[in-house]
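The values are calculated or read from the model by the stated rules, or taken from the named source; none is laboratory data. Since we're looking at a predicted model, the values are computed, not measured. Here the Cβ is made from the backbone with ideal geometry for all residues, glycine too, and neighbour counts use every protein chain on show.
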């Protein structure tokens, strides 16, 4: 199990965080991973796919590439990105550009083989939180005791749900629920979904892989988040509850409390 915690003093805000990644009850390898870059107030979760070890490589390379890209924007570092298309890449917002760069790195590493990763990322800048994602990992906002999903799954079952072909409950048990429609590295280019929200005090962000949401519904997650104030205890409870429910996939949670 990977576990990291800490806090960031930023302007008038304090960002407290806990990240936990667990293999679960069935899988032999943890293909999930998370990235926290306090200096950039950046938080990411990646869920790899592609078979034995390939998913682990994809998630690790995705996050490593994002970190390298962010570091290259820092005037105090001397990093050269191995990428010929740098000018158009830098025309994007840094968060979006970092994921597009990661897509190129993973796609090159895959070399025609099936390898990819979902990605969710958020970065605190000025008075807003910038969000970016591809795949079915999720970002939630927990406020005043209520849970709000901020990302929309890029998945086959979500498309079927939007078309009215299946119910939300059926999404959880559909035989093709693991098919995602967008991921880092599966093609030469990637469409990154972005958004931004206002920073608000006394709120909580939850970034998680589908190893959590595949085991627990939003009501169960809400009950857990309402049960405790300590971030580490909350993270451990979420992971343990998902394992108790079967732990069929790797489970990663990243909690960020704003105070």
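Just so you know, in the range 118-155 the residues that are farther than 21 Å from residue 255 by Cβ and crowded, with 18+ Cβ neighbours inside 10 Å include one that is farthest from the chain's Cα centre (by Cα), and it is 155.
Among the residues of the range 154-203, write down those that are modelled with pLDDT of 90 or more and in contact with a helix residue (DSSP H, G or I) (Cβ under 8 Å, 6 or more places away or on another chain). 184, 185, 186, 187, 188, 189, 190, 192, 194, listed by residue number.
A residue that is without any contact (Cβ under 8 Å) to a residue 60 or more places away in the chain and within 18 Å of residue 51 (Cα to Cα) occurs somewhere in the range 111-119.
Residue count for the range 128-152, restricted to those that are part of a loop (DSSP other than H, G, I, E, B), farther than 26 Å from residue 31 by Cβ and touching a residue at least 60 places away in the same chain (Cβ under 8 Å): 1.
Pairs linking a residue in the range 32-58 that is on the phi > 0 side of the Ramachandran plot and surrounded by fewer than 24 Cβ atoms within 10 Å (Cβ to Cβ) to a residue that is modelled with pLDDT of 95 or more and part of a helix (DSSP H, G or I), with Cβ atoms under 6 Å and 6 or more positions apart or on different chains, are 50/58.
Could you please let me know if residue 202 is at positive phi and in contact (Cβ under 8 Å) with a residue 24 or more places away in the chain?
Working: at positive phi: yes; in contact (Cβ under 8 Å) with a residue 24 or more places away in the chain: yes.
Answer is yes for this residue.
Among the residues of the range 101-117, those identified as under 27 Å from residue 255 (Cβ atoms) and either in contact with a strand residue (DSSP E or B) (Cβ under 9 Å, 6 or more places away or on another chain) or at pLDDT 95 or above (or both) are 102, 103, 106, 116, 117. Screening 87, 75 for residues that are part of a helix (DSSP H, G or I), at pLDDT below 90 and surrounded by fewer than 13 Cβ atoms within 10 Å (Cβ to Cβ) leaves exactly one candidate, 87.
Each row is one residue, and each column tells you yes or no for (1) touching a strand residue (DSSP E or B) at 6+ places or on another chain (Cβ under 9 Å); (2) at pLDDT 95 or above.
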| residue | (1), (2) |
| --- | --- |
| 36 | yes, yes |
| 55 | yes, no |
| 58 | yes, yes |
| 80 | no, no |
| 83 | no, no |
| 93 | yes, no |
| 119 | yes, yes |
| 122 | yes, yes |
| 126 | no, no |
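Could you list, in sequence order, all residues of the range 4-28 that are in contact (Cβ under 8 Å) with a residue 40 or more places away in the chain and farther than 18 Å from residue 121 by Cβ? Those that are in contact (Cβ under 8 Å) with a residue 40 or more places away in the chain and farther than 18 Å from residue 121 by Cβ: 5, 13, 14, 16, 22, 23, 24, 25, 26, 27.
Scanning the range 222-246 for residues that are touching a strand residue (DSSP E or B) at 6+ places or on another chain (Cβ under 8 Å) and under 28 Å from residue 60 (Cβ atoms) yields 231, 232, 234, 235, 236, 238, 239, 242, 243.
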